[in-house]
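Derivation of every value follows stated rules applied to the coordinates shown; laboratory data play no part. Values in this document were obtained by computation on a predicted structure and should not be read as measured data. With ideal geometry, Cβ positions are generated from the backbone for all residues, glycine too; neighbour counts draw on all protein chains shown.
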Ligand code: AMP
Ligand code: MG
């Protein structure tokens, strides 16, 4: 494998001490391949999984020419262009129970939505515009050939890809698979992610909180975010700031996971041995990203037994709880989607909203404030969720969007327009 650190340092505008968020995200995406390995699963189990090979349609959908409306099945050439046409009613075509005969000149058949078009028919006239007089049906002028009909193979054609590999299977795709009569599909195996928290001050839930200690929350937010993304989570608990314990944790994680996510241990104030250890066990870059929250981050590969072993990708996130979540959504989420085989990776939707309060902001870094959206006088408005410190997890819990203050942007005045990323679908 080519050296990660070499690949990174050859990239344009690569300054590990001041990396633009877009650059950091792209550097990560460019290096990661999709995991190999797939499994066959039943159609219902395929929900939210990533398709690993195209689903080829074995049939035409719809399988037959059929009616799109309830009405009268007619031969277009029978209709008079200038006035009404009188046709003879000779039967009915139901969905699932076709009309057996042929529709001849001057004849019509009552037809239901989804019923197979009888032989000879090339037009359906909706019942609302017609009149019935005994066994005659009066059709007004102004009809078009092929109107209100659905052609065989109009949605999907036999032998052609119905769903491409790389697509995440949502309810619509699950329905399409069922509509083809397919019971099982091939999906990528789930990405395995090992997580652990570092810090001597961390206390696991279930134990009393000692003086100066904090409960470990990062493993729980990480577990939640990873579970939502469809990853298999290997929770390795809290690891003390102790070289032997950390080395053992990294070795174990690299042996069983595709990616390792740690929190804490990468900031300036941390004991240097953690960073040294990460670097010794593989190829790890330490970045200062021009963003808030979440400035320090480690990225690379842990390959403790040499480059010929698979190893695992490392995302060393900062320790502050909000910084963990923001760096996860901005960098780790797209990276894991790439590992999961999603192709293309959909962009995160954003739109403009009017900010109801002023916000401090210095140019030269991207900020992700947490906000609450509302609709006022027909336009989107957003207000920040109180204290925005990177340790204030409540600012995430109360928020329904990120307020993205772009790299070059300065302070925001009340009433200014800002970019928002709704958390719905992202978080
Ligand atoms: P660090 O990046 O390790 O210097 O940690 C920065 C801040 O985040 C400190 O106040 C830590 O106590 C806090 N912190 C670190 N890890 C966790 C965690 N797993 N859960 C909650 N808070 C944490
Ligand atoms: Mg720490």
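Among the residues of the range 35-69, the one identified as assigned to a helix (DSSP H, G or I) and in contact with a helix residue (DSSP H, G or I) (Cβ under 6 Å, 6 or more places away or on another chain) is 43. Residues that are in a helix (DSSP H, G or I), farther than 30 Å from residue 49 by Cβ and in contact (Cβ under 8 Å) with a residue 60 or more places away in the chain were ranked within the range 1-34; the one that is nearest to the chain's Cα centre (by Cα) is 8.
Taking the range 316-354 on its own, how many of its residues are under 30 Å from residue 165 (Cβ atoms) and within 16 Å of ligand 2 (Cβ to nearest atom)? Final tally of qualifying residues: 1.
Which residues, taken from the range 212-249, are in contact (Cβ under 8 Å) with a residue 60 or more places away in the chain and over 21 Å from residue 334 (Cβ atoms)? Within the range 212-249, 217 is the sole residue that qualifies. Residues of the range 184-209 that are within 13 Å of ligand 1 (Cβ to nearest atom) and without any contact (Cβ under 8 Å) to a residue 12 or more places away in the chain: 205, 209. Selection of strands (runs of 3 or more DSSP E) fully inside the range 262-329 by the criterion of at least 3 residues being within 27 Å of the chain's Cα centre (by Cα) and either more than 15 Å from ligand 1 (Cβ to nearest atom) or crowded, with 20+ Cβ neighbours inside 10 Å (or both) returns 296-302, 312-317. Filtered by the rule that a residue be buried (at least 16 other Cβ atoms within 10 Å of the Cβ) and away from ligand 2 (no atom under 15 Å from the Cβ), the range 196-221 gives a lone residue, 221. The residue that is surrounded by the fewest Cβ atoms within 10 Å (Cβ to Cβ), among those in the range 146-192 that are within 18 Å of residue 343 (Cβ to Cβ) and over 19 Å from the mean Cα position of the chain (by Cα), is 161.
Of all the residues in the range 237-254, those that are within 16 Å of ligand 2 (Cβ to nearest atom) and over 15 Å from residue 312 (Cα atoms) number 9. Pairing each residue of the range 255-282 that is more than 11 Å from ligand 2 (Cβ to nearest atom) with any residue that is in a loop (DSSP other than H, G, I, E, B), provided the two are 6+ apart or on different chains, yields C-beta distances under 6 Å for 258/35; 258/191; 281/304; 282/303.
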